[in-house]
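Encoded as structure tokens, the structure appears first; notes follow it.
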Amino acid sequence: MSGMPGLTESVRALINGLADDDWAFVARKTQDSPTSVPAMQEALAEYGRTLVFAPDDLEEYLDIIETGDGLLDIRAPLWTAEEGRSDLELRLTASELITGIWKLRVDDILVA
């Protein structure tokens, strides 16, 4: 993803915020998302496992599709203490605000 500086770091920060239960950070990072913070909290609580930080090699696990309108559709797996890589995944839309600074929208959290 050398042509997308900062993207992996932005996704990692979001995943780590979820794992840390840092909902104020998640809310700031995902303003204007179709999935609200309470809906994210509910989805993760229903899943019933403990999220952990994203691995160092997160970039290898991201599925990124350029939509042609300046947006990226991203599927990002999550990791749990119980499972390692989980079947739970974030569905995101990303747009680059300025070089290396990304806006992320959470479209869904679901079992893939």
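The values are calculated or read from the model by the stated rules, or taken from the named source; none is laboratory data. Here the structure is a predicted model, which means the values were calculated and not measured. As a convention, Cβ positions derive from the backbone with ideal geometry for all residues, glycine included, and neighbour counts pool all protein chains shown.
Structure above, values below:
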{"read-out": "Complete set of residues in the range 35-85 that are within 12 Å of the chain's Cα centre (by Cα), exposed (fewer than 15 other Cβ atoms within 10 Å of the Cβ) and under 18 Å from Asp107 (Cα atoms)", "value": "Asp63, Asp73"}
{"read-out": "Which listed residue is in contact with a strand residue (DSSP E or B) (Cβ under 9 Å, 6 or more places away or on another chain), of a type in the set (Val, Ile, Thr) and modelled with pLDDT under 95, from Thr80, Thr67", "value": "Thr67"}
{"read-out": "Boolean, Gly17 is surrounded by fewer than 14 Cβ atoms within 10 Å (Cβ to Cβ) and either in a helix (DSSP H, G or I) or of a type outside the set (S, T, N, Q) (or both)", "value": "no"}
